Amino acid sequence: MGSPDFTGRITEILEAATLADGVAPLGEQAVKGVGRPGVVEVTVADAELIVGYANVTPARDGEPAMIELVVDPVHRRRGHGRRLLDETLARVTGDVRVWAHGDLPAAQALAAASGLTSKRQLLQLRRPLPDPALPELVVPADLVLRTYAGPSDDAEILRVNNVAFAWHPEQGGWGSQQIDERTGSDWFDPAGLFLAFDAADPDRLLGFHWTKVHAESLGEVYIVGVDTAAQGRGLGRLLTLAGLHYLADRGLGEVELYVEGDNTAALNTYGKLGFGQYAIDVAYG
């Protein structure tokens, strides 16, 4: 594993599965891990041709290990998915979650056959731009809203992120590496990272909103984080709306976001801003 031939074959499978299913079979971090040293990877083959691939994210900070897997559409319905899942589960000790992106019928059937049940739901919501029209952005007098000024903002973004997402298995526990990866990405635009401060204490961040622009005229509410000490001031709505206006001004046709299925407060906020459910990812365990 890790050779150009291996990486190329896995890329072929991922592209074919995305085209066949209408949803990417692996998440962003799993795709980045393909062929990398230290990543736990499992494959199954048919006549020496790799037809299935699985990627394991180890357990961290009390959170279970996570498995993402895919089978080449041309080689499905031959037992490869069950064999791949069984072999991957045998490599993992302790609690585990198996992600089904899109929660397609075949994934549901595989989970049921393996004795797995839904443990977590991640919803993808979408909203068209520019219609319906966005509410006007009004910044209260006791807040300061500005965009990213550079690395001098990183420490406060990191602090708020880790407070806001202390409960989150992927988003919590960030370090400077996670900030640097994102600010150094091709998609990053400092004008699309919004920061909210208390007017009485302009050096202490209350919340932030990262936006992302995809190539297919699709924008994303990438991360909205609010300091738990600042909740109740409408910051989630304010920051989200600021990002939506920015994405609309870029001429994009649609915007997406991801939210936990049990995050009632966030779902309420996004619903009032015109978002509706577009897709669902389910973690089975």
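The values are calculated or read from the model by the stated rules, or taken from the named source; none is laboratory data. As the structure is a prediction and not an experimental result, all values here were calculated from the model. Don't worry about glycine lacking a Cβ; one is built from the backbone with ideal geometry, like all the others, and counts go over all protein chains shown. With ligands, DNA and RNA removed, areas are computed over all heavy atoms of the protein, side chains included. Shrake-Rupley method; radii C 1.70, N 1.55, O 1.52, S 1.80 Å.
Select, from Ala166, Ala155, the only residue that is open to solvent by 50 Å² or more (accessible area, probe 1.4 Å) and in a loop (DSSP other than H, G, I, E, B).
Details: Ala155 fails: in a loop (DSSP other than H, G, I, E, B).
Matching residue, one of Ala166, Ala155: Ala166.
Mind checking which residues of region 66-107 are touching a strand residue (DSSP E or B) at 6+ places or on another chain (Cβ under 7 Å), closer than 24 Å to Leu257 by Cβ and not in a strand (DSSP E or B)?
Hits for region 66-107 are Gly102, Asp103, Ala107.
Got a number for residues in region 260-285 being of a type in the set (Phe, Trp, Tyr) and part of a helix (DSSP H, G or I)? Steps first, please.
In the first step, residues of region 260-285 are kept if they are of a type in the set (Phe, Trp, Tyr); the result is 270, 275, 278, 284.
With part of a helix (DSSP H, G or I) added as a condition, the list becomes 270.
The total comes to 1.
Count, please, the residues in region 235-255 that happen to be open to solvent by 10 Å² or more (accessible area, probe 1.4 Å) and either farther than 23 Å from Pro140 by Cβ or without any contact (Cβ under 8 Å) to a residue 60 or more places away in the chain (or both).
Restricting attention to region 235-255, the residues satisfying the condition of being open to solvent by 10 Å² or more (accessible area, probe 1.4 Å) are 236-238, 245-246, 248-254.
From what's left, either farther than 23 Å from Pro140 by Cβ or without any contact (Cβ under 8 Å) to a residue 60 or more places away in the chain (or both): 236-237, 246, 249-254.
Final tally of qualifying residues: 9.
Among the strands (runs of 3 or more DSSP E) contained in region 179-259, which hold 2 or more residues that are farther than 15 Å from Ile157 by Cα?
Details: elements: 193-198, 201-214, 218-226.
Hits in region 179-259: 201-214, 218-226.
Would you pick out the residues in region 1-56 that are among the basic types (Lys, Arg), under 21 Å from Glu87 (Cβ atoms) and in a helix (DSSP H, G or I)?
First, the residues of region 1-56 that are among the basic types (Lys, Arg): 9, 32, 36.
With under 21 Å from Glu87 (Cβ atoms) added as a condition, the list becomes 9, 36.
Passing the criteria: only Arg9.
Scan region 116-130 residue by residue and report those that are open to solvent by 60 Å² or more (accessible area, probe 1.4 Å) and not in a strand (DSSP E or B).
Thr117, Pro130
Could you list, in sequence order, the residues of region 100-115 that are surrounded by 14 or more Cβ atoms within 10 Å (Cβ to Cβ), hydrophobic (A, V, I, L, M, F, W, C) and out of contact with any Lys or Arg (no Cβ under 9 Å at 6 or more places or on another chain)?
Ala100, Leu104, Ala107, Ala111
Considering region 174-193 alone, what residues qualify as being of a type in the set (A, V, I, L, M, F, W, C) and within 19 Å of the chain's Cα centre (by Cα)? Break it down into steps so the answer makes sense when it comes.
Filtering region 174-193 down to residues of a type in the set (A, V, I, L, M, F, W, C) leaves 174, 179, 187-188, 191, 193.
Scanning region 174-193 gives Trp174, Ile179, Trp187, Phe188, Leu193.
With respect to the numbered conditions (1) out of contact with any Gly (no Cβ under 8 Å at 6 or more places or on another chain); (2) at positive phi, which one is the sole condition not fulfilled by Ala111?
Answer for Ala111: the failing condition is (2).
Contact list please: Cβ distance under 8 Å, first residue in region 137-163 and under 16 Å from Gln231 (Cα atoms), second residue part of a helix (DSSP H, G or I) and open to solvent by 60 Å² or more (accessible area, probe 1.4 Å), pairs at least six apart or on different chains.
Pairs found: Val163/Thr228; Val163/Ala229.
Working only within region 3-42, note down all residues that are open to solvent by 40 Å² or more (accessible area, probe 1.4 Å) and over 24 Å from the mean Cα position of the chain (by Cα).
Ser3, Pro4, Asp5
Of the numbered conditions (1) open to solvent by 30 Å² or more (accessible area, probe 1.4 Å); (2) in contact with a helix residue (DSSP H, G or I) (Cβ under 8 Å, 6 or more places away or on another chain); (3) touching a residue at least 24 places away in the same chain (Cβ under 8 Å), Ser176 fails exactly one; give the number of that condition.
Checking Ser176 against (1) open to solvent by 30 Å² or more (accessible area, probe 1.4 Å); (2) in contact with a helix residue (DSSP H, G or I) (Cβ under 8 Å, 6 or more places away or on another chain); (3) touching a residue at least 24 places away in the same chain (Cβ under 8 Å), the one that fails is (3).
Given Thr43, Thr18, which one is hydroxyl-bearing (Ser, Thr, Tyr), over 25 Å from Gly172 (Cβ atoms) and free of Cβ contacts under 8 Å to residues at least 24 places away in the same chain? Steps first, answer last, please.
Values: Thr43 fails: free of Cβ contacts under 8 Å to residues at least 24 places away in the same chain.
Among Thr43, Thr18, only Thr18 is hydroxyl-bearing (Ser, Thr, Tyr), over 25 Å from Gly172 (Cβ atoms) and free of Cβ contacts under 8 Å to residues at least 24 places away in the same chain.
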